[in-house]
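Undergrad: Quick one: the structure is below, and I'll ask about it shortly.
The values are calculated or read from the model by the stated rules, or taken from the named source; none is laboratory data. These figures come from a predicted structure and were not determined experimentally. Note that we place each Cβ from the backbone using ideal geometry, even for glycine, and neighbour counts take in every protein chain shown. To get the accessible areas, we keep the full protein, side chains included, count just its heavy atoms, and leave off ligands, DNA and RNA. Shrake-Rupley method; radii C 1.70, N 1.55, O 1.52, S 1.80 Å.
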Amino acid sequence: MLSDVSGASDVASVQPAPCFGPETGSIRHATAIHGVDMGAEINALYDSLPANGGEIVVQESASFATPILFGTSGKPVVLVGLPGDIIALTYTGSGGAAVTFDYGTGHRMGHGLRDLTLTGPGHLTDTIGVVFGGVNGAEGLDFRDFKIQSFGVNLKMGSHTWLAYFQQGMVRDGGTNLLLPSGLVEAGEQITFNHVTFADAPAPHTNSVWVQGQGQEIVFTDCSFDQAQLHIGDGDFSAAQVVVRSSHFENTNWGEPGSVNYDYIVIDKSPGNYLRLAESYFLQRAPNNGPKQFLSAWGGKVILSGVGMYTPDGAPLAHFAMLWNGAVVDMYGFDDLSGNTTGELYGRSK
C-alpha cells in the first residue's frame, strides 16, 4: 500500500517564491515562475506562512512534479483557487502523493482545499491525489467545491483524522476513488461527504469507494455513486459503520467498452459491519443482461428505509440484495418502480 507521504521531496533548498498581489501576514499567492516547479513554490510559500498557518491562493493553472506537503504540526492551511475548473493543478510525478494535509489535531476547523481541480497522470499509476492525515493528523479538514481525478488512488485518509467534511465535489476516474484504510490510529469519527459524486471507476468498477473500517464512522449524504462500487469492510479483518442517505447509485458507463456488471454495494464478512441506507435510489441502465442484484452482504447488518429502484424490462433483477453467512437485513419501505424483480427482494444463499 502506498505510504501516506510517499514521494514527498525535500524542498528546504527552495527559497520562498515571490508573492504577487496584495499580501497580509497569513496570505500568500502562487503563480507561475519560470524555472520553479509549482509544487516547490507552494511548499516554499507554506514554509513562509506564520507558525499558526494561513491561506495560499493559486492564481493560475499549472503542472507540478514536486509533491505538495503541508506537514508542519500546528500549522493548518487553506489551498484556494477558482471553481469550475478555472484553476487546475496537474500532477506529473510518477508516484507518491500529489498533495498531503498532515499538520495536527488541535480542534482547528475549516482548513483544507477549496475551488480547485487536481488531476493526476492516470488511474493505472502508483499515485495518490490527496492524503489527509498521517503522523500529525488532519482534524477539522474541510474540502469545498473541488474535483480530484485520474490517480491510482484519488483520496486517502491517514491516521489522527476526524471531523473531516467534504462538500460539493467530484472524485472520479481513480483506480480507487476513495480509500479509508484499516490499520489507522485515531481515525474515522465523523468523516462526512455531502453532495459529492464518485464516478467513472475503471472496469471492473469494484472497490471504488472503500471504507475498510476499524472504528470508522462514515456518512454519505446527497451523494452519487456512478459506475463506482461502495465497499464496506476489509474481509473478516475489520468492520465499518456507514450511513448513506438521500443518495443515488447508477451504472452510468454500462455501454462503454470493457464495462462489466458489478454489485453497487458490497459488505464484507465481519459481523461488525453496519450499513444504514435511507431514502436512496438505485438505477440500472443496461437494457439487457444487467446485474442480478444491487447489493451483496457477506456479513454484518443492513437497515433499509425508503429505498427505490428501477431496471429496464429486458434486464430483470433476481433480488435487490443477496445475503450470505449471517448477514441480516431490516427493511422499512421499498419501491420497485419497474416491478421487474423475479425473486424476493433479498435472497439468501443455501
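Undergrad: Can you spot the aspartates and glutamates whose alpha carbon is less than 15 Å from Lys292's alpha carbon? Ignore those fewer than 8 places along the same chain.
TA: Straight-line reach from Lys292, under 15 Å: Glu250, Asp263, Asp313, Asp336, Glu344.
Undergrad: Next question. Per DSSP helix of 4 or more residues, -39500 (n - 2.57); summed, then divided by the residues of the chain. What does that give at 222 nm, rounded to the nearest 500? Spell out each step's value before the answer.
TA: Values: 1 runs with 11 residues, N = 350.
Result for the chain: -1000 deg cm²/dmol, rounded to the nearest 500.
Undergrad: Follow-up question, since we're still on this one. What number comes out for accessible area per residue over the stretch 178-263 if the probe is 1.4 Å? Units Å², please.
TA: Counting only protein heavy atoms, the per-residue value for the stretch 178-263 is 35 Å².
Undergrad: Using a 1.4 angstrom probe on heavy atoms only, work out the carbon and sulfur share of the accessible area of the chain in %.
TA: 52 percent
Undergrad: Using a 1.4 angstrom probe, figure out how much accessible area the stretch 264-350 has per residue, in square angstrom, rounded to the nearest whole.
TA: 45 Å²
Undergrad: Quick one: angle between helix 38-48 and the longest Cα principal axis of the chain, in degrees between 0 and 90, rounded to 10, please.
TA: It works out to around 70 degrees.
Undergrad: Using a probe radius of 1.4 Å on heavy atoms only, what accessible surface per residue do you get for the stretch 50-106? Whole Å² is fine.
TA: Normalised by residue count, the accessible surface of the stretch 50-106 is 34 Å².
Undergrad: Along each of the three principal axes of the Cα atoms of the stretch 205-314, give the extent in whole Å, ordering the values from largest to smallest.
TA: For the stretch 205-314, the Cα spread along each principal axis is 40, 28, 19 Å.
Undergrad: Run the reach check for Lys147 against lysines, Cα to Cα strictly under 16 Å, same-chain hits fewer than 8 apart removed. What comes back?
TA: Lys156
Undergrad: I've got another one for you. For the chain, what D do you get in µm² per second when you plug the Kirkwood radius from alpha-carbon pairs into Stokes-Einstein at 20 °C and 1.002 mPa s?
TA: Roughly 103 µm²/s, to the nearest whole number.
Undergrad: Using the basic label-point model (7 angstrom from Cα toward the beta carbon), what is the Leu337 to Gln59 distance in nanometres?
TA: Placing both labels 7 Å beyond Cα along the Cβ direction yields 4.9 nm.
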